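The values are calculated or read from the model by the stated rules, or taken from the named source; none is laboratory data. Since we're looking at a predicted model, the values are computed, not measured. For neighbour counting, all protein chains shown are included, and Cβ atoms are generated from backbone atoms with ideal geometry for every residue, glycine included.
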């Protein structure tokens, strides 16, 4: 239901919203969005109806159950920060640091032979053999 929750999130911001606008907002094609909307409707979270001014357009509104879920979901970010014992600023700094580490790890390095660490053998017999 995660994708469905992400789909429903913008609905309460501009209620009602047409499927075309919701599709643009979520950067999803209507054929991808349609099954998610059907699941939300089946769960009782949204209502779908034809736009009375344009029969080709479908309007989405949150049901009272959907509005309740939206209000409860709004408390999650602060509760998560509290549970982690951190602030949004510290979490953003951590994200920046981790992105920097990942970028650095993915950047190919060019070392000369003198800069490279000497290769050590992991062959257990190499340490005991005599040359």
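Taking first residues from the range 14-26 that are in the same structural domain as residue 67 (by TED's automatic domain parsing) and under 13 Å from residue 49 (Cα atoms) and partners that are at pLDDT below 90 and not in a loop (DSSP other than H, G, I, E, B), the Cβ contacts under 8 Å between residues at least 6 apart in sequence or on separate chains come to 19/30. Scanning the range 80-95 for residues that are surrounded by fewer than 10 Cβ atoms within 10 Å (Cβ to Cβ) and either under 21 Å from the mean Cα position of the chain (by Cα) or under 30 Å from residue 39 (Cβ atoms) (or both) yields a count of 2. Only one of the numbered conditions (1) surrounded by 12 or more Cβ atoms within 10 Å (Cβ to Cβ); (2) within 25 Å of the chain's Cα centre (by Cα) is violated by residue 76, and that is (1).
Against the test of being surrounded by 12 or more Cβ atoms within 10 Å (Cβ to Cβ) and either touching a residue at least 40 places away in the same chain (Cβ under 8 Å) or within 19 Å of the chain's Cα centre (by Cα) (or both), the options 37, 65 yield a single qualifying residue, 37.
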